[in-house]
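**Q** Okay, handing you the structure first.
The values are calculated or read from the model by the stated rules, or taken from the named source; none is laboratory data. What you see is a predicted model; the values in this text were computed from it and never measured. Cβ: placed from backbone, ideal geometry, glycine included. Neighbour counts: every protein chain shown. Ligands, DNA and RNA are stripped out before the accessible areas are found, and what is left, the full protein with its side chains, is counted by its heavy atoms. Shrake-Rupley method; radii C 1.70, N 1.55, O 1.52, S 1.80 Å.
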Amino acid sequence: MTLAETQDYVWRRLGVRKYLVGRAVVNDMVELAVENWAGAFLNYCQTEDDRNLVANLIVDNMRRSHQVVSGKDPVEYGMVWALLFQAVASAVVQVLLRWWLERRANRVILLALKAELTK
C-alpha cells in the first residue's frame with residue numbers, strides 16, 4: 001500500500017467532518033500521522049487506555065509538525081480551526097489504529113511507509 005492508497009483508505013472511512021477541512025488537509029494529516037506513528041509504543045500497549053494514550057501522543061505530534069510545516073503560529077489558526085484540526089486528526093489516527101490492529105501485515109506496511117517518509 002502506498003501513501004496515496006493509505007490516504008484514500010482513510011478518506012473513505014472518515015465521517016462528515018472531513019468535508020470541513022477538505023481532502024488536501026486530510027491527506028496532509030495522514031502523512032503526518034504516518035510520519036509520527038509510534039509503532040514501537042503501540043506494540044507494547046495492553047489495554048485500550050494504553051492505545052488511546054499513544055494515539056493522543058501521535059495527534060499532539062501531528063499538531064506540532066503541522067504548525068512547523070505551515071509556518072503559522074497557533075494563534076493565527078483561531079479556536080475553531082484548532083478544535084476542528086484536533087477532531088479530524090484524532091479521527092485519522094483512530095482509522096489508522098484500527099487498520100494497524102487488524103493484521104500484522106498492516107503493521108509492516110505502515111512502518112515501511114514511515115521509514116520511506118522519514119528518510
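**Q** If the requirement is being more than 21 Å from Lys114 (Cα to Cα) and among the acidic types (Asp, Glu), which of these qualifies: Glu48, Glu5, Glu35? Let's see the steps before the verdict.
**A** Working: Glu5 fails: more than 21 Å from Lys114 (Cα to Cα); Glu35 fails: more than 21 Å from Lys114 (Cα to Cα).
Of the residues listed, the single one that is more than 21 Å from Lys114 (Cα to Cα) and among the acidic types (Asp, Glu) is Glu48.
Conditions tested, residue by residue: (1) in contact with a helix residue (DSSP H, G or I) (Cβ under 9 Å, 6 or more places away or on another chain); (2) touching a residue at least 24 places away in the same chain (Cβ under 8 Å); (3) under 15 Å from Ala91 (Cβ atoms); (4) open to solvent by less than 80 Å² (accessible area, probe 1.4 Å).
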{"position": "Val10", "(1), (2), (3), (4)": "yes, yes, yes, yes"}
{"position": "Arg13", "(1), (2), (3), (4)": "yes, yes, yes, no"}
{"position": "Val16", "(1), (2), (3), (4)": "no, no, yes, no"}
{"position": "Gly22", "(1), (2), (3), (4)": "no, no, yes, yes"}
{"position": "Val26", "(1), (2), (3), (4)": "yes, yes, yes, yes"}
{"position": "Val30", "(1), (2), (3), (4)": "yes, yes, yes, yes"}
{"position": "Ala33", "(1), (2), (3), (4)": "yes, yes, yes, yes"}
{"position": "Asn36", "(1), (2), (3), (4)": "yes, yes, no, yes"}
{"position": "Cys45", "(1), (2), (3), (4)": "yes, no, no, yes"}
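**Q** Can you find even one residue in segment 68-90 that is in contact with a Gly (Cβ under 8 Å, 6 or more places away or on another chain), surrounded by 18 or more Cβ atoms within 10 Å (Cβ to Cβ), farther than 21 Å from Thr118 by Cα and at pLDDT 90 or above?
**A** Here is the first cut: in segment 68-90, the ones in contact with a Gly (Cβ under 8 Å, 6 or more places away or on another chain) are none.
Within segment 68-90, none of the residues are in contact with a Gly (Cβ under 8 Å, 6 or more places away or on another chain), surrounded by 18 or more Cβ atoms within 10 Å (Cβ to Cβ), farther than 21 Å from Thr118 by Cα and at pLDDT 90 or above.
**Q** Run down Leu57, Leu117 and say which single residue is touching a residue at least 40 places away in the same chain (Cβ under 8 Å) and under 14 Å from the mean Cα position of the chain (by Cα).
**A** On the way: Leu57 fails: touching a residue at least 40 places away in the same chain (Cβ under 8 Å).
Only one candidate passes the filter, namely Leu117.
**Q** Criterion first (out of contact with any His (no Cβ under 6 Å at 6 or more places or on another chain), exposed (fewer than 14 other Cβ atoms within 10 Å of the Cβ), within 16 Å of Lys114 (Cβ to Cβ) and at pLDDT 90 or above) does Ala55 satisfy it?
**A** Details: out of contact with any His (no Cβ under 6 Å at 6 or more places or on another chain): yes; exposed (fewer than 14 other Cβ atoms within 10 Å of the Cβ): no; within 16 Å of Lys114 (Cβ to Cβ): yes; at pLDDT 90 or above: yes.
No: the conditions fail for Ala55.
**Q** Okay, next question. Tell me, yes or no, whether segment 66-76 has at least one residue that is polar (S, T, N, Q) and more than 10 Å from the chain's Cα centre (by Cα). First the steps, then the outcome.
**A** So in segment 66-76, the residues polar (S, T, N, Q) come out as 67, 70.
Still in the running and more than 10 Å from the chain's Cα centre (by Cα): 67, 70.
Yes.
**Q** Specify which of the listed residues (Val16, Val80) is over 25 Å from Val108 (Cα atoms) and outside any helix (DSSP H, G or I). Walk me through it before giving the result.
**A** On the way: Val80 fails: outside any helix (DSSP H, G or I).
That would be Val16, the only listed residue that is over 25 Å from Val108 (Cα atoms) and outside any helix (DSSP H, G or I).
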